[in-house]
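As C-alpha cells, the structure follows; a few thoughts come after it.
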Amino acid sequence: MPTSVPRTSNATHRFVIGRDGEGHWIARDEQGQTGGVFADKVSAIRFATMESDHQADAIRFAPRSAKLSLFN
C-alpha cells in the first residue's frame, strides 16, 4: 500500500490518516470538520473514503514519525 496519495482540488473533504500517541488509527479531514479514531488502518481508510465521496485522491498518510490527534 502506498504511503501517500496524490491530492487534487475537487475532493469534498481531504483526509489525513495516521496514528496517535497510543497507537490508534486517526482519520481526520484537513479542515477539522470530521474525523474519527479507529482500531485498524483499513477502518480509517474506509471512513475517509466514504466521507470524501470515494475519491481516493482525497486521502494522504501522515509520516510514521507524526502523532495525529483529532483536536490539532
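A few comments on the model shown:
- Between residue 22 and residue 57, full extension at 0.36 nm per residue minus the direct alpha carbon distance yields a gain of 9.9 nm.
- Computed from the C-beta positions of residue 43 and residue 71, the FRET efficiency with R₀ = 25 Å rounds to 0.80.
No value in this document is a laboratory result; all are computed from the given coordinates. Nothing here was measured: the structure is a model prediction, and the numbers come from that model. Methodologically, a virtual Cβ is constructed for each residue, glycine included, from the backbone with ideal geometry; neighbour enumeration extends over all protein chains shown.
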